[in-house]
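**Q** Structure incoming, see below.
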Amino acid sequence: MSKTATLNVKNRDILETLQGFLKSILETDDMDAVLVPMHRPGEKAVMPVLISNPEYMDNADPLAPSFPINAAKLVSRLTRKPSGGKMAVVLRPCEIRAFIELVKLKQANTEDIIIIGTDCLGAYGNNDYSVFSGENPMESTRKFTQAILADKKITDTDVELSHACRVCEHPVAENADIAIGLFGVDIHNQLLIQAKTEKGEELISNFNLKETAIPSARKKAVDALITKRKADRDEMFKATSEATASIEKLSAYLSGCVNCYNCRVACPVCYCRECVFVTDVFDHDPSQYLQWAERKGGVTMPTDTLFYHITRIAHISLACVGCGQCSNACPNDISLVELFRTLSYRTQTAFDYEAGRSLDENPPLSEFFEEEYANVVGIE
């Protein structure tokens, strides 16, 4: 099911138009709240805020190039048990894909929410966004949006979008109930509003939107962007593979790790209530450290950093959506997203699986096929 309409842009201001659209959604009879990225008064940071008062929507900034948290984890908390109300959640494509994985892992459900996805223009790292946004974050979002869609230079500085965004081949929200289209659209005059599910179509039926066909310019723009990002992604895979091709190289790659576990906390699909790395299993006795030091001549502290990352890779590579929050959260700027994307791509390809692609696909290892990998298990 797919129904496409146009939303007229008010005063040639895309941000004001989106705020008005989301405010209208919140004001519908059965909508209790909207989760949307927002500037809190007096704060430069953009954080997900659950809004119930339509007046708060004037500070919403769903296109801000800021990505301090993957909101899939927040939506998981909001939907794990019945909330007694109905919510709309505005998410990036990678957040939607992470949420889909959490639903399949029984950590969330879609029953009482409407997912609103926007074309993703990318985001800066936390520190870079603070510099980029300046004293007028809303105006910086407007300039950013116009520059990205016109394929122009954004700033005079050397600050780039996060590496995760530059190699992401999923800039369009494929699994939203309502998708807002920006690429290949004259954003000064109109936006595309696409209802992709019955829930989405029911919601936009409340508004007097003119139905339209998807313009050919949109497909051309999206295809060109995906082609470029895939080429950059493959170059990243090659470089990362070479940089981590042995245990020695991998150890050097991860040598800055201090076992803060920020990457685990930031990862949207790392959902265990109790992590083995914060239990007594790795709370070694003092004598153990001395024995290691005596046997090896010296032991790097903290210990178990390499084992920690290998365990995480084995744990979440089938669910990794490449959002980059692991790198964004690392205090020592380790290139974690490059490593995790490289390995998770290989793992998912081996199972013909793509994290977040569809709710109808069961995660690998959760079901058994007798004919699968016959050459590996030795079945003739």
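**Q** Using unit Cβ charges (K, R positive; D, E negative) and no other charged atoms, how large, in debye to the nearest 20, is the dipole of the chain about its Cα centre?
**A** Dipole magnitude for the chain comes out near 580 debye.
**Q** Considering the chain as a Gaussian network with a 10 Å cut-off on Cα pairs, which listed residue, Gly298, Gly125, Gly200, attains the greatest mean-square fluctuation?
**A** Gly298
**Q** Which pairs break 23 Å Cα to Cα here: Lys23/Lys81; Lys86/Lys219; Lys86/Lys196; Lys86/Lys199?
**A** Lys23/Lys81; Lys86/Lys219
**Q** Place +1 on the Cβ of every Lys and Arg and -1 on the Cβ of every Asp and Glu in the range 243-377, take the dipole about the Cα centre, and give the residue among Tyr308, Cys257, Phe368 whose Cα lies farthest towards its positive end.
**A** Among Tyr308, Cys257, Phe368, the one farthest towards the positive end of the dipole of the range 243-377 is Cys257.
**Q** Helix 14-26: angle to the longest alpha-carbon principal axis of the chain, degrees 0 to 90, nearest 10?
**A** Roughly 90 degrees between the two axes.
**Q** Also, I was wondering about something else. Below 8 Å, C-alpha to C-alpha, sequence gap of six or more: please give me the relative contact order for the chain in percent.
**A** Dividing the mean separation by the residue count of the chain yields 19 percent.
**Q** Once both axes come from the Cα atoms, what is the angle between helix 93-104 and the longest principal axis of the chain, in degrees from 0 to 90, rounded to 10?
**A** 70
**Q** With the contact rule set at Cα under 8 Å and sequence spacing of 6 or more, what percent relative contact order holds for the range 243-377?
**A** 25 percent.
**Q** Counting helices only, and only those DSSP H runs with n ≥ 4, report the 222 nm mean residue ellipticity of the chain as the sum of -39,500 (n - 2.57) divided by its residues, in deg cm²/dmol to the nearest 500.
**A** -12000 deg cm²/dmol
**Q** Within 10 Å, count the other beta carbons around each residue, average over each peptide in 241-249, 135-143, 100-108, and list them highest first.
**A** 100-108, 135-143, 241-249
**Q** Under a no-solvent Debye model with one identical scatterer per Cα of the range 113-153, what's log10 I(q)/I(0) at q = 0.30, 0.33, 0.34 Å⁻¹?
**A** Values returned for q = 0.30, 0.33, 0.34 Å⁻¹ are -1.11, -1.17, -1.19.
**Q** Also: Hey, fewest Cβ within 10 Å first, where do Phe237, Phe67, Phe307, Phe99 land in order?
**A** The most exposed by this proxy come first: Phe307, Phe237, Phe67, Phe99.
**Q** Determine, for each peptide in 275-286, 337-348, 201-212, the mean count of other beta carbons within 10 angstrom over its residues, then list the peptides with the highest first.
**A** Most protected by this proxy first, the peptides run 337-348, 201-212, 275-286.
**Q** Related question: Multiply the residue separation of Ala45 and Glu111 by 0.36 nm, subtract the distance between their alpha-carbon atoms, and state the gained length in nm to one decimal.
**A** 20.7 nm
**Q** Now a separate question. Taking 7 Å along the Cα-to-C-beta vector as the label spot, tell me the Ile214-Arg77 distance in nanometres, rounded to one decimal.
**A** Result: 3.5 nm between the two label points.
**Q** Could you work out the local net charge near Ser358, counting Lys and Arg as +1, Asp and Glu as -1, over the other residues with Cβ closer than 15 Å to its Cβ?
**A** In short, -4.
**Q** Compute the FRET efficiency between Ser251 and Asn126 as 1/(1 + (r/R0)^6), taking r as their Cβ-Cβ distance and R0 = 25 Å, and round to the nearest 0.05.
**A** Between Ser251 and Asn126 the formula returns 0.40.
**Q** Could I ask something else about it? Among 214-227, 14-27, what's the highest-first ranking by average C-beta atoms within 10 angstrom per residue?
**A** 14-27, 214-227
**Q** Dividing the convex hull volume of the alpha carbon atoms of the chain by its residue count, what do you get in Å³ per residue? Provide the component values of the computation, followed by the final result.
**A** Details: hull volume 69.1 nm³, N = 380.
Cα convex hull per residue, to the nearest whole number: 182 Å³.
**Q** Hey, got the Cα dimensions of the range 136-233 along the principal axes, in Å, largest first?
**A** 45, 33, 22
**Q** Per residue, how big is the convex hull around the C-alpha atoms of the range 174-309? Give it to me in cubic angstrom, could you?
**A** 176
**Q** I would also like to ask the following. I need the shape label for the range 1-155. Rule: rounded when a/c is under 1.5, else prolate if a/b > b/c, else oblate, with a, b, c from the alpha carbon gyration tensor.
**A** prolate
**Q** With springs only between Cα atoms under 10 Å, which of His170, His188, His39 fluctuates most in a Gaussian network model of the chain?
**A** Comparing His170, His188, His39 in the GNM, the peak value goes to His188.
**Q** For the chain, give me every cysteine whose Cβ has no other Cys Cβ within less than 4.7 Å, ordered by residue number.
**A** Cys120, Cys165, Cys168, Cys257, Cys260, Cys272, Cys275, Cys320, Cys330 - these cysteines have no disulfide-compatible partner (Cβ-Cβ under 4.7 Å) in the chain.
**Q** Principal axis extents for the range 257-371, Cα atoms only, whole Å, descending order, please.
**A** Computed over the Cα atoms, the extents are 52, 35, 26 Å.
**Q** Can you give me the angle between helix 137-149 and the longest principal axis of the chain, using Cα atoms only, in degrees from 0 to 90, rounded to the nearest 10?
**A** Tilt relative to the chain: about 90 degrees.
We did not get these values from a lab; they are worked out from the coordinates using the rules stated. All of these numbers come straight from a predicted model, not from anything done at the bench. Neighbour counts run over all protein chains shown; Cβ positions are idealised from the backbone, glycine included.
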